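Undergrad: Handing you this structure, nothing more for now.
The values are calculated or read from the model by the stated rules, or taken from the named source; none is laboratory data. All of these numbers come straight from a predicted model, not from anything done at the bench. Note: ideal-geometry Cβ built from the backbone for every residue, glycine included; neighbour counts use all protein chains shown.
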């Protein structure tokens, strides 16, 4: 009897353990399903924000600012840096085209359909846009690399750069780089195609619904092609090796700039001590800004171009199906695409913050318009100082409105017989200060006139206003 009770208790215990294990497994399965569902919803929400609104905002702002950069480079060219402008114009054109292709490839369908669609009539654009997007990315990377090599030769190999860095050769180089980028990216056009995807109508089993769908061809499924072209050649010519070269060349340029600045500071130290106007021209400040610009260019290039290669390698390792069905992999691809768009749309801010000549050209372009000139004059008069460029950025009429304390001091120093004349003369003659330069009214820029020129009528009107103000203050 005791043995029977023991066996019965053991049986009951085994049943209880089995039921508990089954309950635990079911709970674990439910938790995994719930977790995967939540992660999938989070991934869809983040992908919608990245591919939809954020990419659209970056594309619109980037295209407008890049067109403005091209206009500034072509309209306000400097004689000292014509070669650099060919590189910058070519790079800006490539990046603007990349922004347009990114918008058509996944931003616009996300805004319209809520996701990147794989079926429908919109997919007829995919083969062309997909190939052009990779072409523009390759072209922008190669232009950045050639620009860095050009700056390296100009600073570290000046004789070699003088022999090969001519305008005609730079033009041919940019054309050759663009053509090679198109040739290198040509196989991308044959990686995807549009097929007819047919399904049975759920409402009527006798009807078949057919619609266009995007699909991969047999070319990217070839293991040799994928390994050679997408991994080896892409790492050698588009992502990893260009990143390493750019990083090394930029470090070399930065060190050479530092040595040149220190040498110039040593040679010009006596003159800098005698001339008080050079106090604001601190070499360390210029070196700091140059290094910041170089670091920004490197960081943008590394963060925006290394992620696509990592995604390709991961897709090759884990497999096509596993990679495409993974929520984390999809989010990784969306984030890498957004970084590419962000990189192409933020060059204007790098130029405007750390480029003194670019800021000067933008200011000249702003005051060349009637509305911009009015706003510029009003803003400068509100702060007590007005600077109006004429003919070129090197010459300007500068209106200096000095403080009341200075005029009070001048008034007290004057004699009793001519204090009023002294005060009026000081205001009238000190209000308008003409800074001379190497250009005069006979130069071509002034002879044909520029939109930023301050004519004699405006000057006379300003003198009359200052005279009235002087009379009121004196009385």
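Undergrad: Do we have residue 233 as over 23 Å from the mean Cα position of the chain (by Cα) and either touching a residue at least 24 places away in the same chain (Cβ under 8 Å) or assigned to a helix (DSSP H, G or I) (or both) here?
TA: On the way: over 23 Å from the mean Cα position of the chain (by Cα): yes; either touching a residue at least 24 places away in the same chain (Cβ under 8 Å) or assigned to a helix (DSSP H, G or I) (or both): yes.
Against the criterion (over 23 Å from the mean Cα position of the chain (by Cα) and either touching a residue at least 24 places away in the same chain (Cβ under 8 Å) or assigned to a helix (DSSP H, G or I) (or both)), residue 233 qualifies.
Undergrad: Quick one: which of 353, 298 is modelled with pLDDT under 75 and within 21 Å of residue 92 (Cβ to Cβ)? Before the answer, list the steps.
TA: On the way: 353 fails: modelled with pLDDT under 75.
Of 353, 298, the one residue that is modelled with pLDDT under 75 and within 21 Å of residue 92 (Cβ to Cβ) is 298.
Undergrad: If you go through segment 193-202 one residue at a time, do you hit one that is part of a helix (DSSP H, G or I) and farther than 22 Å from residue 109 by Cβ? If you could, list the steps in order and put the result at the bottom.
TA: Step one: list which residues in segment 193-202 are part of a helix (DSSP H, G or I), which gives none.
Among the residues of segment 193-202, not one is part of a helix (DSSP H, G or I) and farther than 22 Å from residue 109 by Cβ, which makes the answer no.
Undergrad: Give the residues of segment 235-248 that are surrounded by 14 or more Cβ atoms within 10 Å (Cβ to Cβ) and at pLDDT below 85, sorted by residue number.
TA: Listed by number, the residues that qualify are 235, 239, 240, 243, 246, 247.
Undergrad: So for segment 121-130 (the condition being part of a helix (DSSP H, G or I) and under 24 Å from the mean Cα position of the chain (by Cα)), does at least one residue qualify? Don't jump to the end; show me each part of the working.
TA: Taking segment 121-130 as the starting set, the residues that turn out to be part of a helix (DSSP H, G or I) are 121-130.
Retained after the next criterion (residues that are under 24 Å from the mean Cα position of the chain (by Cα)): 129-130.
Yes, the conditions are met somewhere in segment 121-130.
Undergrad: Please work out which one of (1) modelled with pLDDT of 70 or more; (2) farther than 24 Å from residue 148 by Cβ; (3) surrounded by 15 or more Cβ atoms within 10 Å (Cβ to Cβ) is the condition residue 318 fails and give its number.
TA: All conditions are met except number (3).
Undergrad: Here are the criteria: (1) surrounded by fewer than 16 Cβ atoms within 10 Å (Cβ to Cβ); (2) free of Cβ contacts under 8 Å to residues at least 40 places away in the same chain; (3) touching a helix residue (DSSP H, G or I) at 6+ places or on another chain (Cβ under 7 Å). Tell me which single one residue 153 does not satisfy.
TA: Answer for residue 153: the failing condition is (1).
Undergrad: Given 98, 104, 108, 88, which one is out of contact with any helix residue (DSSP H, G or I) (no Cβ under 7 Å at 6 or more places or on another chain), assigned by TED's automatic domain parsing to the domain that holds residue 220, in a helix (DSSP H, G or I) and buried (at least 18 other Cβ atoms within 10 Å of the Cβ)?
TA: Values: 98 fails: out of contact with any helix residue (DSSP H, G or I) (no Cβ under 7 Å at 6 or more places or on another chain); 104 fails: out of contact with any helix residue (DSSP H, G or I) (no Cβ under 7 Å at 6 or more places or on another chain); 88 fails: out of contact with any helix residue (DSSP H, G or I) (no Cβ under 7 Å at 6 or more places or on another chain).
None of the other options fit; the residue is 108.
Undergrad: Now for a separate question. Tally the residues that are surrounded by fewer than 15 Cβ atoms within 10 Å (Cβ to Cβ) and within 23 Å of residue 129 (Cα to Cα), restricting the search to segment 196-211. Full working, then the answer.
TA: Our first condition is that a residue be surrounded by fewer than 15 Cβ atoms within 10 Å (Cβ to Cβ); within segment 196-211, this holds for 196, 198-211.
Filter once more, keeping what is within 23 Å of residue 129 (Cα to Cα): 196, 211.
The qualifying residues number 2.
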